[in-house]
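Take a look at the structure set out below.
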Amino acid sequence: MTIKEAKELDMVSYLSIAGMEPAKVKGNDYWYYSPFRTEKTPSFKVERKLNRWFDFGEGRGGSIIDFILSVERIPIPEILKKLASLDITRVSQAPTQEKSAPIEILSAISITTPALINYYRSRRISTEIANQYLSEVTYLNKGRSYYALGFKNDIGGYELRNPYYKGSSQPKAPTLFKNQSDYLAVFEGAFDFLSFLTITESQEQISRDHLVLNSTSFFEQQLPLMQTYNKVYLFLDNDPTGDKWTAKAVALNPQKFVDERPLYQGYKDVNDWHQHLGLQPTANRPLR
């Protein structure tokens, strides 16, 4: 697939596959809650005829490629490979005001498919950890069946990942693992959480609960929960969104909230750091 061909793919269809549905539709304007922040009024618009998006809160927009670059921060060749693997209509063939059917989960079983095993291994997640927290999920999307690694949230939805797809089923929500602790570790995504567990599985650790946001759009919603803990360790991404929410939490209570991102400074997130540095933590600052 070329860049020109990718830009002709219907962005509304792509967002539906990624688990985003419009909050309202007015003619060719599809309005969404922004994926870049928490908001009460949708300010992320896709003009379907032009097939371009614009986020009024961020003051920027562009094509489907620009969107994936902003959200996933993966190279353009990977974006093209990903888009080529998805069943997305071209914008000239997309009906106006069509609302795609939501992803339907067909089954969730233990992981047996070699491609999925190789995928979590490529992210350097141990088999024991993967088998404990992930499932092999078969799901239906636009009448076609697919499979992916599934990470279940607290109200029954799944974060879905395979080498060529990143999306989610509804309902979307965070995932909280309780260990009856007064300490909480907070992660943006499942693979950051699983990386942390893989790194520390052979180390003696303080007991703590774990909160996986599954989207930073849930950070503000989860703040009241975080504030019930004596100590909250924030393992957010090294990006503007991570900067924003970490700064807000630390400003609320610098004794309670701890910014752990200096541990993986220079890397996108915990999993990126883990993949580059291997299984051992840095000598100057061990994981706590």
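The values are calculated or read from the model by the stated rules, or taken from the named source; none is laboratory data. Worth saying up front: this structure is predicted, and the values here are computed from it rather than measured. Every residue, glycine as well, gets a Cβ built from its backbone with ideal geometry; the counts of neighbours run over all protein chains shown. Surface accessibility is based on the protein's heavy atoms, side chains included, excluding ligands, DNA and RNA. Shrake-Rupley method; radii C 1.70, N 1.55, O 1.52, S 1.80 Å.
A few comments on the model shown:
- Matching residues, region 226-245, being open to solvent by 50 Å² or more (accessible area, probe 1.4 Å) and either in contact (Cβ under 8 Å) with a residue 12 or more places away in the chain or on the phi > 0 side of the Ramachandran plot (or both): Gln227, Asn230, Lys231, Asn238, Lys244
- Test set (1) modelled with pLDDT of 95 or more; (2) assigned to a loop (DSSP other than H, G, I, E, B); (3) surrounded by 20 or more Cβ atoms within 10 Å (Cβ to Cβ); (4) of a type in the set (S, T, N, Q) - Asn214 fails condition number: (1)
- Checked across region 145-167, the condition of being open to solvent by less than 70 Å² (accessible area, probe 1.4 Å), modelled with pLDDT under 90, among the polar types (S, T, N, Q) and outside any strand (DSSP E or B) holds for no residue.
- Any hit, region 61-68, residues being open to solvent by 80 Å² or more (accessible area, probe 1.4 Å) and either within 19 Å of the chain's Cα centre (by Cα) or more than 23 Å from Asp237 (Cα to Cα) (or both): no
- Residue match in region 37-58 (condition: part of a helix (DSSP H, G or I) and closer than 27 Å to Ala148 by Cβ): no
- For region 246-263, the set of residues classified as in a helix (DSSP H, G or I) and either open to solvent by 10 Å² or more (accessible area, probe 1.4 Å) or modelled with pLDDT under 95 (or both) consists of Ala247, Lys248, Val250, Ala251, Leu252, Arg261, Pro262, Leu263, listed by residue number.
- Region 6-23: number of residues that are at pLDDT below 90, open to solvent by 40 Å² or more (accessible area, probe 1.4 Å) and not aliphatic (A, V, I, L, M): 1
- Residues that are open to solvent by 70 Å² or more (accessible area, probe 1.4 Å), within 21 Å of Trp31 (Cα to Cα) and at pLDDT 90 or above within region 69-105 are absent altogether.
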